[in-house]
Amino acid sequence: MTQPVKGPALRWRSVPAETIRWVVWEDTHIAYHRPSGMTHFLNDSSRLLIDDLRNTPMTAEQVAARFSDIAAEHGEDAVEEATALLERFEELGIVEQV
Amino acid sequence: MSSKDRTDQKETKRGTNYSRRSLLTGAVRAMPAVLTLQSGAALARSSNLISASPRDHKDRYGRTLCLDLRSVDPAGRSGRVYDLGHPASGRLTAIRDREFRVAPDDRAAVVSEARMCHEGGTYYYRARRYRHWSTQEIEGDALQETSDNAQQFTGAVSGSSDYWGGRRDRYWKRVQIRRGVLVSATALSSFSGNITVTDL
């Protein structure tokens, strides 16, 4: 039986900086997404991730590796959480696939 | 460089510094999370919104209109507004005014069209049919005792030994409906799009 061939893993990056207007209030990061007119509240971890994705596109596995300790503390599957998060960010227009 | 560019750069710098600070101080203690603020402007951009309607849910034929919840997306926070999308689309069941029951039995509970819509499921109603037969069929089983719900008609063709006959009876018809919400016929009429109607 032949093994299925895996294609290249999906990578995500942040949308251009001018697309989002940021305001930081204590530990809350408020992002106004200009194209959609929607406002999002993100925590520190999300802001950190989005900033990192602007410099370096990453796969869900790479993102998961950054939060694996935190995910383990909560008994969550890091890759599954990272994939869901990236897909949600993509729906919101904050990140895009490359 | 405009003041706007300077402001954006400042915020970006703040973000970079913040992330470095977070790494250094270990401030990152939670999985990334995002909460989206629903803005009226964003909701208003989709004009194909329809509300669940406890009243005014019958069309001009007296059919109860039930919108399949799986064919639309919820909109807003009330839990009673749905987005038909662009172009408007959805699945609608038009339930005729019949005596629906929960089982194919005259003793089974009668159920309202509203309940059928809200709960979904399988229901039954008595349908009528008329069957006729020719001389050949009259011989044998066709002239047996009729059931309680059957009426048998027979006759003779004048000047001939042939017979004709027919039987009108009622049988149980099963219908299935998906869980949904009652909607207004007036509101639906304002949408142009692709709304599929199933007649029950």
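Rounding to the nearest 10 and keeping the result within 0 to 90°, find how far the Cα-based axis of helix A:44-55 lies from the longest principal axis of chain A. The helix A:44-55 is inclined about 70 degrees to chain A.
The ranking of A:ASP44, A:ASP52 by Cβ neighbour count inside 10 Å, starting from the fewest, reads A:ASP52, A:ASP44.
Model label sites at B:ASN194 and A:TYR32, defined 7 Å from Cα along the beta-carbon direction, differ in position by 3.8 nm.
Computed packing ranks the peptides A:14-23, B:114-123 as B:114-123, A:14-23, most packed first, by mean other Cβ atoms within 10 Å.
Relative to the longest principal axis of the Cα atoms of chain A, helix A:78-92 runs at roughly 50 degrees.
Among B:ASP83, B:ASP199, the order by Cβ neighbours within 10 angstrom, fewest to most, reads B:ASP199, B:ASP83.
Readers should treat all values here as calculations from the given coordinates under stated rules, not as data from a laboratory. Source: prediction; values computed, not measured. Here Cβ is always computed from backbone atoms with ideal geometry, including for glycine, and neighbour counts include all displayed protein chains.
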